[in-house]
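Enquirer: One structure, as structure tokens, below. Some questions next.
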Amino acid sequence: MRHYENLVIIKPTFTAEEIQAAIKNVEEIITSNGGEIAAQDAMGMRKLAYPIAKNERGYYQVIYYSVAPAAIAEIERRFRINEDLLRFVTIKYDTNREVTAWNGLVAKANKAATPAKEETPATEAPKAEETPAEEAPKAEETTEAAAE
């Protein structure tokens, strides 16, 4: 299995749900051909260097994955017939130096995606700890009131 990177540009006229559906479709194309997705990097809506099909902007998504080299032809064929994509480019990481760079990019993409997920539980955890601490004195007050 070799390491690859795909940059896909999705039509800007889609809603957020349609963009996510298009991304899921791209992921499904990769995984159905035996690929293992290592990381993703959503670059967001950006201005194109030149208009493509009368579109000035596009939603950029980078997907890092490993797959057998024989599957790339089928993946690219299915990308070509996908009307949701304005453009795509496939980059192969072959040499040891390139694979090391690919591992660094995957780590960077995973690191960028992880803090957003970790911040939410971290902010909820103190609230959960404060709640039992506040309830504990109330329980003691109830016990004291019952004892009197």
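The values are calculated or read from the model by the stated rules, or taken from the named source; none is laboratory data. Owing to the predicted nature of the structure, the values given are computational and were not obtained by experimental measurement. FYI the Cβ positions are ideal-geometry reconstructions off the backbone, even for glycines, and counts take in every protein chain you see.
Enquirer: Keeping to segment 1-45, report how many residues are under 29 Å from residue 70 (Cβ atoms) and not in a strand (DSSP E or B).
Expert: Selection size over segment 1-45: 16.
Enquirer: Within the set of pairs 6+ apart or on separate chains, which have a first residue in segment 95-112 that is over 18 Å from residue 1 (Cβ atoms), a second that is among the hydrophobic types (A, V, I, L, M, F, W, C) and at pLDDT 90 or above, and C-beta atoms under 7 Å apart?
Expert: That search, which allows pairs on different chains as well, returns 109/39; 110/39.
Enquirer: If you don't mind, another one. Is there any pair linking a residue in segment 39-52 that is of a type in the set (Ser, Thr, Tyr) to one that is at pLDDT 95 or above, with Cβ under 6 Å and at least six apart or on different chains, and which?
Expert: Once the first residue is of a type in the set (Ser, Thr, Tyr) and sits in segment 39-52, no partner that is at pLDDT 95 or above comes close enough.
Enquirer: Taking segment 53-70 only, how many residues are polar (S, T, N, Q) and over 23 Å from the mean Cα position of the chain (by Cα)?
Expert: 1
Residues are listed down the side, and each one gets a yes or a no for (1) touching a strand residue (DSSP E or B) at 6+ places or on another chain (Cβ under 8 Å); (2) at pLDDT 95 or above:
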site	(1), (2)
2	yes, no
14	yes, no
24	no, yes
43	yes, no
54	no, no
60	yes, yes
82	no, no
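Enquirer: Could you list, in sequence order, the residues of segment 71-96 that are in a strand (DSSP E or B) and surrounded by fewer than 17 Cβ atoms within 10 Å (Cβ to Cβ)? Spell out how you get there, then give the answer.
Expert: Of all residues in segment 71-96, those in a strand (DSSP E or B) come to 85-93.
Residues satisfying the conditions are 87, 89, 90, 91, 92.
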